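Take a look at the structure set out below.
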Amino acid sequence: MEYLHLGKAGIKVSELSLGAWVTYGHQFGVEEAKEIMTAAYDAGVNFFDNAEAYASGQAELIMGKALKELGWARKDYLISTKIFWGGEGPNDRGLSYKHIVEGVNNSLKRLQLEYVDLLFAHRPDPETPIEETVFAFNQVIREGKAFYWGTSEWSAAEIMRAADFARRNNLRPPSMEQPQYNLFHRRRFEKEYAPLYKELGYGTTTWSPLYGGVLTGKYNKGVIPEGSRASLDHYAWMKERVQNEAKIAVAKQLAEVADDLGVSLAQMSLAWLLKNPNVSTVITGASKVSQVEENMKAVNVKDQLTGDVMDRISEIVKDVED
């Protein structure tokens, strides 16, 4: 496992990390979380991602209890959470000063932590002035409840506006983005965000590296396996994604490349992401220890993705893009 700077920030994150989306609170509880987090930690993972919205706060509760029982030294791991969807009340969502401060306080209670290392604005909020949002995240940092703040699924223009306001007012600008990035979803990361890496030194914590499981090959037969994310009631919207015939056809071609390398499609897809110098860490998900163990092997696949292999992959995916 390599540890990379989060953009130009001094903090270092493991190149592969573990997220709580979908699984925590929907597929398992504290005991399973401890087993899966331990498998990742033992493989070198030091970054665990969460959000106030995941399972309506249950994901943070589960991760907090797991961390408490595992007893790891706080200096040895990084935790993130994301603020935007905190409830149904008129002030329980969005990026107002009130919700950011209250949302962070509630997340810390659920996580049983004094601070999170990384704090994200889970989505842009067109109803709140960006100045108010920047001030609020800076206040949270001043209070020692977070060390770095960033954005998730913001446009490059919105990020630039926030960074420009922060610099003009001697405030901490956002320093990282959490975008979706995978072989089927490339344009924003590779094109729109390109100036952020150069001009702002932006780091990235990418999510959905396997496109909801399509890039594992498990949907190549056109059947949704029992227990997969697409079979869950809460994630019924995934069914359309994983049954997309064009993407399944591409996944089958990619599986042939992986077979030629002697690795799984999932490992090759993760390694492809790790080859990008603008990727700070790839957030993986897992509902079983065996999935963690298999995913972590991707760090040893990077060197197999030579220029010729990367060109072959690019040719296969060139016409498939969300």
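Computed from the coordinates by the stated procedures, all read-outs in this text should not be read as laboratory data. Treat the numbers as computed from the prediction; the structure is a model and nothing was measured. All Cβ positions, even for glycine, are placed from backbone atoms using ideal geometry, and neighbour counts span all protein chains on display.
Could you check the stretch 2-36 and list, in sequence order, the residues that are of a type in the set (A, V, I, L, M), farther than 15 Å from VAL279 by Cβ and part of a strand (DSSP E or B)?
Taking the stretch 2-36 first, the residues of a type in the set (A, V, I, L, M) are 4, 6, 9, 11, 13, 16, 18, 20, 22, 30, 33, 36.
Filter once more, so that each one left must be farther than 15 Å from VAL279 by Cβ: 11, 18, 20, 22, 30, 33, 36.
Across the stretch 2-36, the qualifying residue is only LEU18.
Give the residues of the stretch 84-124 that are farther than 17 Å from GLU153 by Cα, within 18 Å of the chain's Cα centre (by Cα) and among the charged types (D, E, K, R), sorted by residue number.
ASP117
Return the residue satisfying two criteria in turn: it lies in the stretch 1-24 and is free of Cβ contacts under 8 Å to residues at least 40 places away in the same chain and within 17 Å of the chain's Cα centre (by Cα), and of such residues it is surrounded by the most Cβ atoms within 10 Å (Cβ to Cβ). Quick ask: steps written out before the conclusion?
The first filter runs over the stretch 1-24 and keeps only residues free of Cβ contacts under 8 Å to residues at least 40 places away in the same chain, leaving 10, 12, 24.
From what's left, within 17 Å of the chain's Cα centre (by Cα): 12, 24.
Numbers: LYS12: 16, TYR24: 27.
Looking at residues that are free of Cβ contacts under 8 Å to residues at least 40 places away in the same chain and within 17 Å of the chain's Cα centre (by Cα), I get TYR24.
Quick grid of which residues meet (1) of a type in the set (Ser, Thr, Tyr); (2) surrounded by fewer than 21 Cβ atoms within 10 Å (Cβ to Cβ); (3) without any contact (Cβ under 8 Å) to a residue 12 or more places away in the chain:
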residue: ILE159; (1), (2), (3): no, no, no
residue: ASP164; (1), (2), (3): no, yes, yes
residue: ASN170; (1), (2), (3): no, yes, yes
residue: GLN178; (1), (2), (3): no, no, no
residue: ARG186; (1), (2), (3): no, yes, no
residue: THR204; (1), (2), (3): yes, no, no
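Taking the stretch 37-54 only, how many residues are outside any loop (DSSP other than H, G, I, E, B) and buried (at least 20 other Cβ atoms within 10 Å of the Cβ)?
Narrowing the stretch 37-54 to residues outside any loop (DSSP other than H, G, I, E, B): 37-42, 47-49, 54.
In the following step, the residues that additionally are buried (at least 20 other Cβ atoms within 10 Å of the Cβ) were identified as 37, 39-40, 47-49, 54.
Going through the stretch 37-54 one residue at a time, the tally reaches 7.
Give the residues of the stretch 110-138 that are crowded, with 18+ Cβ neighbours inside 10 Å, in contact with a helix residue (DSSP H, G or I) (Cβ under 6 Å, 6 or more places away or on another chain) and assigned to a loop (DSSP other than H, G, I, E, B), sorted by residue number.
PRO124, the sole residue that qualifies.
Pairs please, first residue from the stretch 249-261 and free of Cβ contacts under 8 Å to residues at least 60 places away in the same chain, second anywhere and basic (Lys, Arg), Cβ atoms under 8 Å, 6+ apart in sequence or on different chains.
From residues that are free of Cβ contacts under 8 Å to residues at least 60 places away in the same chain, the pairs are VAL257/ARG312.
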